[in-house]
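J.: The following block contains the structure, expressed as structure tokens.
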Amino acid sequence: MQIPSKYDASKVESKWYDYWMNNNYFHSKPDEREPYTIVIPPPNVTGVLHMGHMLNNTIQDVLIRRARLLGKNACWVPGTDHASIATEAKVVAKLKEQGIDKNDLTRDEFLSHAWDWTHEYGGVILEQLKKLGCSCDWDRTKFTMDDDMSEAVIKVFVDLHQKGLIYRGYRMVNWDPEAQTTLSDEEVIHEERTDKLYYVKYQIEDENEYVTIATTRPETILGDTAICINPNDERFTNLKGKKVIVPLCNRTIPIIEDDYVDIEFGTGCLKVTPAHDVNDKEIGDRHNLEVIDVLNADGSMNSFGLHHEGKDRVVARKDVSKELESLGLLVKTESITHNVGTSERTKAVIEPRLSDQWFLKMEDLVKPAIEAVLGENADIKLFPKKFENTYRHWMENIRDWNISRQLLWGQQIPAYFYGDGKEDFVVAENVEKAIELAKERTGKSNLKAADLKQDTDALDTWFSSWLWPMSVFDGILNPENEEIKYYYPTNDLVTGPDILFFWVARMIIAGYEYKGEKPFKNVYLTGLVRDKQRRKMSKSLGNSPDALKLIEDYSADGVRVGLLLSSAAGNDLMFDEALCQQGKAFGNKIWNAFNLTNLWEINYNIKQPNSSKIALDWYEAKFNTTLVEIEDHFSKYRLSDALMAIYKLIYDDFCGWLLEIVKPAYQQPIDAKTYNKVMSIFEDNLKILHPFMPFLTEDIWQYIAERTPEEALIVAKWPEVKPINKVIISQFDFASEVISGIRNVRKEKNIAFKDAIGFFVINNEKSDAAFDDVISKLGNLDTIEYITEPVEGAMTFRVKSNEYFIPMEGAIDVEAEIKKLTEELNYTEGFLKSVQKKLSNERFVAGAPEQVVNSEKKKEADALAKIETLKASLASLD
RNA sequence: GGGCGCAUAGCUCAGUUGGUUCAGAGCACUUGGUUUACACCCAAGGGGUCGGGGGUUCGAAUCCCUCUGCGCCCACCA
């Protein structure tokens, strides 16, 4: 048949992707087969494909395609996440470019812009996944803000509220002044920073004495409502019960005593600002202190900032310190290294801020989730296992989850206020139900929708994505539907360890709460993709390659192989384009192997050469050995090792050895029996490689034979393991050493391969002659003759105790031969000595297992035999 | 501050219960090669006191202690 001499990946890849789509192979519906399900970690709806996604989704596709080949009902559900804070930030920025201020828009107007944006960019990343070859069931594509998905979120909120697990509280929360929203504890990243520690004097009321405090935030002095000392601090007994005057605003505040104060730190005096520090808030609560908030929502000073009003807190800090200095109240400044909370998304420094927020009580919810991963009969396995510790630590120290966000893009909190009081609200799925509830609560039967004001906050994105494995199958709204019963729990979850808490842990929590069952059986945590210098790949560094450009340059198959070649689970992946090149070269190698078989002329009348027959038997044994190895790797999620095993099988064993052995001489035909067997082996190779290189393998598969759509490789049957002939493998290994020996002699003596040579063997090992025809072919030997006496005037080499002779035309360098033999003899004698030393150690013979002792005895015997051979050779040269 | 993990060839990493295939793989490197599938190729080869030190054992890359150097997660001390 006519095939292109070069493999054109870009054409081939789109062709087969279309073919798979048109034949609906990615689509799954419940049937009698065993399901194999993966839900995609939904990428941000407005995101673009980066290397992390490439790795992640390649792994998922490998797992899905393998499951499909194993005959399971493979279902990979794709989708995107509305990513409330990230998307809202992007929309706000875009509006700003157009001169529109978010605050000038109504809620509906803003949301309409956000939806426009979503519709414009929303599908991009999913299209990119198709280029990578991902075999997702696109008919099932979900978005976390689809109507039914949102409905599920609201239903869960109402339910948790009814259970008393969701509550509203006035608490110190993490405030992002840039996004102007609260964040959960998980969204706060602690960064080490060096700042100034300011020492400031406060005058004691009615005295000309001062106390000095240390603070990193002088601008909050204006919010001070007490000075605190440790009651046991003997230095300050004179201060007890006195008052001090707050600098700048000249308010009088008390000196209080609390054990919290560390006598050793700073001056031992602490300024207490309950509005701007979690600890100060607690002290304030204990001592009934006033709370003075000096900041606006955007981090600028409010009217309590007096003449600093309107300045950003950072600017105000400097200005206040200058002012203090000019007043002679700034004693000194020091450098201090401490940790500062920053926003995961906006990088802004977090302000502790008091406000009314919604919280989810976690204490009881986490219990089944802890048991599921860490219990005695753990239902969920993490790969690699080391993350179980991290998981445990987080789960056991969990605090209530702040789920409200002061954002518009997301599910709006279904709480409806009927009055101005903090408790004057009802929680319901919709306004109609809310009115009913509000009527009951207030006794006012004339309440209308217009009388109710819905809470303006939206829910944390993760409060929707934690339902993902259930809600994509409509498992929340219709818990008894056929799909959720069939596909849930899913099998494997593949994601990065950075969202272990954000997402993975919470899905487990939600799964047990709403299905009473785990959401997935195994969690495969990939590493971060880094560049060659170990730097994290990021847009700002510009070290992240363009994913689509890579696919263009190296083919999707090549990139997939490149990514997987060095990515053990949980280890960071040092990405190097050279690996993609290796992937592409591998594809080329296989294509050329196919090209070779395609060039052969088949003859039905010639007999199968013995060398071909034995080589095919050997390959079958080798293939099955590898197959067993691959199964083991897959069971441990060692995809990199599985791929490497296949790589070596195809590259070395199939192309390097088998094809070379069965390849007919120039312009000679091949016998039909060999040809058919080679092609059937080729097909088996394609099957096991298909999950990794889906396009190339499908392409060759379809060239090998006419196939109906039902016979496509993507839905072929994974090979079954057959019994392995171990003897033939060791015979081959021996033969390959002999061939190596021949090649070495040829190289040393500069004998071209086309010149056939004579070959003689003293078979001390009594090795089987099964592979002699193979040795003869690959060594280009005239004959192999078995002899008992050394050949004179020949190059020699040894494998074990066998000696091989290749007669030379010219003179042999006897000196060099003697030297070579002597070196070999010395080495073997040294080896023998060490083995014998071990064997003469009574404690070794008594203590070691029998098979270990036997193996040492075998080594001894082999060495003795070899020494004999070497000595005989040396004697014959003298 | 608390916890977890890592250190094996130039690079990226395997090495499961201490002995059986214990010092390995891929890449890179060196040398040679226009044999009629493939130079995106073939053949051959060099290269490691298994981070340092100590211990347990007949036997340690593997178990224990210690030191050094990295990485990650968690954390409200100004």
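J.: Looking at segment A:688-696, is at least one residue open to solvent by 30 Å² or more (accessible area, probe 1.4 Å) and in contact (Cβ under 8 Å) with a residue 40 or more places away in the chain? Full working, then the answer.
T.: Our first condition is that a residue be open to solvent by 30 Å² or more (accessible area, probe 1.4 Å); within segment A:688-696, this holds for none.
Scanning segment A:688-696, I find no residue that is open to solvent by 30 Å² or more (accessible area, probe 1.4 Å) and in contact (Cβ under 8 Å) with a residue 40 or more places away in the chain, so the answer is no.
J.: Give me the residue from segment A:737-755 that is near RNA strand B (Cβ under 8 Å from one of its atoms) and touching a residue at least 40 places away in the same chain (Cβ under 8 Å) and, out of that set, farthest from the chain's Cα centre (by Cα).
T.: Among those residues, the one meeting the criterion is A:ASN744.
Rundown of residues vs (1) away from RNA strand B (no atom under 15 Å from the Cβ); (2) more than 23 Å from A:ALA770 (Cβ to Cβ); (3) crowded, with 18+ Cβ neighbours inside 10 Å, yes/no style:
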site	(1), (2), (3)
A:PHE594	no, yes, yes
A:LYS607	yes, no, no
A:LEU616	yes, no, yes
A:ALA642	no, yes, yes
A:ASP652	no, no, no
A:TYR666	no, yes, no
A:ILE670	no, no, yes
A:LYS673	yes, no, no
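J.: Of the numbered conditions (1) within 15 Å of RNA strand B (Cβ to nearest atom); (2) out of contact with any helix residue (DSSP H, G or I) (no Cβ under 7 Å at 6 or more places or on another chain); (3) in contact (Cβ under 8 Å) with a residue 12 or more places away in the chain; (4) in a loop (DSSP other than H, G, I, E, B), A:GLY284 fails exactly one; give the number of that condition.
T.: Going through (1) within 15 Å of RNA strand B (Cβ to nearest atom); (2) out of contact with any helix residue (DSSP H, G or I) (no Cβ under 7 Å at 6 or more places or on another chain); (3) in contact (Cβ under 8 Å) with a residue 12 or more places away in the chain; (4) in a loop (DSSP other than H, G, I, E, B) one by one, A:GLY284 breaks only (4).
J.: A further question on this structure: Tell me, which strands (runs of 3 or more DSSP E) lie completely within segment A:215-257 with 1 or more residues that are more than 13 Å from RNA strand B (Cβ to nearest atom)? Before you say what the answer is, go through the steps one by one.
T.: On the way: elements: A:226-229, A:243-245, A:252-257.
Strands (runs of 3 or more DSSP E) meeting the threshold: A:243-245, A:252-257.
J.: When residues of segment A:18-62 are filtered for being out of contact with any Ser or Thr (no Cβ under 9 Å at 6 or more places or on another chain) and over 29 Å from A:ILE85 (Cα atoms), how many remain?
T.: Residues flagged as out of contact with any Ser or Thr (no Cβ under 9 Å at 6 or more places or on another chain) and over 29 Å from A:ILE85 (Cα atoms) within segment A:18-62 amount to 14.
J.: Additional query: List pairs: first in segment A:784-801 and within 17 Å of A:GLU815 (Cβ to Cβ), second of a type in the set (D, E, K, R) and part of a strand (DSSP E or B), Cβ under 7 Å, 6+ apart or cross-chain?
T.: A:THR796/A:GLU803
J.: Could I ask something else about it? So if I check each of A:GLU192, A:GLU178, which one is in a strand (DSSP E or B) and either within 10 Å of RNA strand B (Cβ to nearest atom) or within 19 Å of A:ALA316 (Cβ to Cβ) (or both)? Show your work before the answer.
T.: On the way: A:GLU178 fails: in a strand (DSSP E or B).
Unique residue meeting the criteria: A:GLU192.
J.: Answer yes if at least one residue in segment A:577-589 is in contact (Cβ under 8 Å) with a residue 24 or more places away in the chain, in a loop (DSSP other than H, G, I, E, B) and open to solvent by 10 Å² or more (accessible area, probe 1.4 Å), and no otherwise.
T.: Looking through segment A:577-589, none of the residues is in contact (Cβ under 8 Å) with a residue 24 or more places away in the chain, in a loop (DSSP other than H, G, I, E, B) and open to solvent by 10 Å² or more (accessible area, probe 1.4 Å).
J.: Against the definition (assigned to a strand (DSSP E or B), more than 10 Å from RNA strand B (Cβ to nearest atom) and within 19 Å of A:GLY741 (Cα to Cα)), how does A:GLU803 come out, yes or no?
T.: When the stated conditions are applied, A:GLU803 passes them.
J.: On the given criteria, is A:ARG534 more than 8 Å from RNA strand B (Cβ to nearest atom), more than 30 Å from A:GLY475 (Cα to Cα) and out of contact with any Cys (no Cβ under 9 Å at 6 or more places or on another chain)?
T.: Numbers: more than 8 Å from RNA strand B (Cβ to nearest atom): no; more than 30 Å from A:GLY475 (Cα to Cα): yes; out of contact with any Cys (no Cβ under 9 Å at 6 or more places or on another chain): yes.
No, not satisfied.
Okay, residues lined up against (1) surrounded by 19 or more Cβ atoms within 10 Å (Cβ to Cβ); (2) in contact (Cβ under 8 Å) with a residue 12 or more places away in the chain:
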{"residue": "A:LEU599", "(1), (2)": "no, no"}
{"residue": "A:SER611", "(1), (2)": "yes, yes"}
{"residue": "A:LYS622", "(1), (2)": "yes, yes"}
{"residue": "A:LEU627", "(1), (2)": "yes, yes"}
{"residue": "A:LYS636", "(1), (2)": "no, yes"}
{"residue": "A:GLY656", "(1), (2)": "no, no"}
{"residue": "A:LEU686", "(1), (2)": "yes, yes"}
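J.: Can you say whether A:LEU248 is at positive phi and at pLDDT below 95, as far as the supplied structure shows? Step through it out loud before you land on a result.
T.: Numbers: at positive phi: yes; at pLDDT below 95: yes.
Yes, satisfied.
J.: Another question, then. Could you check segment A:443-473 and list, in sequence order, the residues that are assigned to a loop (DSSP other than H, G, I, E, B) and surrounded by 18 or more Cβ atoms within 10 Å (Cβ to Cβ)?
T.: Of the residues in segment A:443-473, the ones assigned to a loop (DSSP other than H, G, I, E, B) are A:443-448, A:452, A:455-457, A:460-461, A:466-467, A:472-473.
Hits for segment A:443-473 are A:LEU447, A:LEU452, A:ASP457, A:ASP460, A:THR461, A:TRP466, A:LEU467, A:VAL472, A:PHE473.
J.: While we're here: Go through segment A:392-438 residue by residue and tally those that are within 22 Å of A:GLY164 (Cβ to Cβ), in a helix (DSSP H, G or I) and more than 16 Å from RNA strand B (Cβ to nearest atom).
T.: So the answer is 5.
J.: Restricting to segment A:99-145, count the residues that are open to solvent by 60 Å² or more (accessible area, probe 1.4 Å), touching a Ser or Thr at 6+ places or on another chain (Cβ under 8 Å) and of a type in the set (Asp, Glu).
T.: The total comes to 0.
J.: Condition (residue is touching a residue at least 60 places away in the same chain (Cβ under 8 Å), assigned to a loop (DSSP other than H, G, I, E, B) and within 10 Å of RNA strand B (Cβ to nearest atom)) applied to segment A:354-367: is it met by at least one residue?
T.: Within segment A:354-367 (the criterion being touching a residue at least 60 places away in the same chain (Cβ under 8 Å), assigned to a loop (DSSP other than H, G, I, E, B) and within 10 Å of RNA strand B (Cβ to nearest atom)), the answer is no, since none of the residues qualifies.
Here is a yes/no grid of residues against (1) in a helix (DSSP H, G or I); (2) of a type in the set (Val, Ile, Thr):
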| position | (1), (2) |
| --- | --- |
| A:GLU765 | no, no |
| A:THR783 | no, yes |
| A:GLU809 | no, no |
| A:LEU825 | yes, no |
| A:SER834 | yes, no |
| A:ALA865 | yes, no |
| A:SER873 | yes, no |
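J.: Here is a further query. Within the bounds of segment A:230-241, is there any residue that is open to solvent by less than 40 Å² (accessible area, probe 1.4 Å) and β-branched (Val, Ile, Thr)?
T.: no
J.: Could you list all residues from segment A:340-353 that are farther than 18 Å from A:VAL92 by Cα, out of contact with any Asp or Glu (no Cβ under 7 Å at 6 or more places or on another chain) and open to solvent by 20 Å² or more (accessible area, probe 1.4 Å)? Spell out how you get there, then give the answer.
T.: Within segment A:340-353, the first condition is being farther than 18 Å from A:VAL92 by Cα, and the residues that meet it are A:340-342, A:349-353.
Subset that is out of contact with any Asp or Glu (no Cβ under 7 Å at 6 or more places or on another chain): A:341, A:349, A:351, A:353.
A:VAL349, A:ARG353 - these are the residues of segment A:340-353 that are farther than 18 Å from A:VAL92 by Cα, out of contact with any Asp or Glu (no Cβ under 7 Å at 6 or more places or on another chain) and open to solvent by 20 Å² or more (accessible area, probe 1.4 Å).
J.: Among the listed residues A:LYS155, A:LYS96, A:LYS90, identify the single one that is open to solvent by 50 Å² or more (accessible area, probe 1.4 Å) and without any contact (Cβ under 8 Å) to a residue 24 or more places away in the chain.
T.: On the way: A:LYS155 fails: without any contact (Cβ under 8 Å) to a residue 24 or more places away in the chain; A:LYS90 fails: without any contact (Cβ under 8 Å) to a residue 24 or more places away in the chain.
Result of the check over A:LYS155, A:LYS96, A:LYS90: A:LYS96.
J.: Something else: Do we have A:TYR637 as part of a loop (DSSP other than H, G, I, E, B), within 16 Å of RNA strand B (Cβ to nearest atom) and either in contact with a His (Cβ under 6 Å, 6 or more places away or on another chain) or of a type in the set (Phe, Trp, Tyr) (or both) here? I'd like the intermediate steps shown before the answer.
T.: Working: part of a loop (DSSP other than H, G, I, E, B): yes; within 16 Å of RNA strand B (Cβ to nearest atom): yes; either in contact with a His (Cβ under 6 Å, 6 or more places away or on another chain) or of a type in the set (Phe, Trp, Tyr) (or both): yes.
Against the criterion (part of a loop (DSSP other than H, G, I, E, B), within 16 Å of RNA strand B (Cβ to nearest atom) and either in contact with a His (Cβ under 6 Å, 6 or more places away or on another chain) or of a type in the set (Phe, Trp, Tyr) (or both)), A:TYR637 qualifies.
J.: Quick check on A:ALA372: is it more than 16 Å from RNA strand B (Cβ to nearest atom), open to solvent by less than 30 Å² (accessible area, probe 1.4 Å), under 20 Å from A:VAL158 (Cα atoms) and modelled with pLDDT of 90 or more? Outline the logic, then answer.
T.: Working: more than 16 Å from RNA strand B (Cβ to nearest atom): yes; open to solvent by less than 30 Å² (accessible area, probe 1.4 Å): yes; under 20 Å from A:VAL158 (Cα atoms): no; modelled with pLDDT of 90 or more: yes.
The answer is no for A:ALA372.
J.: Any idea which of A:LEU573, A:LEU565 is in contact (Cβ under 8 Å) with a residue 12 or more places away in the chain, under 21 Å from A:LEU550 (Cβ atoms) and open to solvent by less than 10 Å² (accessible area, probe 1.4 Å)? Talk me through it step by step, then tell me what you get.
T.: On the way: A:LEU565 fails: open to solvent by less than 10 Å² (accessible area, probe 1.4 Å).
Within the list A:LEU573, A:LEU565, the selection yields A:LEU573.
J.: Yes or no: segment A:475-488 includes at least one residue that is within 26 Å of A:SER343 (Cα to Cα), touching a residue at least 12 places away in the same chain (Cβ under 8 Å) and not in a strand (DSSP E or B). Working first, answer last.
T.: Just the residues of segment A:475-488 that are within 26 Å of A:SER343 (Cα to Cα), to begin with: none.
No, segment A:475-488 has no match at all.
The values are calculated or read from the model by the stated rules, or taken from the named source; none is laboratory data. Computed from a predicted model, the values in this text were never measured in an experiment. Note that each Cβ is placed from the backbone with ideal geometry, even for glycine, and that neighbours are counted across all protein chains shown. Ligands, DNA and RNA are excluded from the accessible area calculation, which covers all protein heavy atoms including side chains. Shrake-Rupley method; radii C 1.70, N 1.55, O 1.52, S 1.80 Å.
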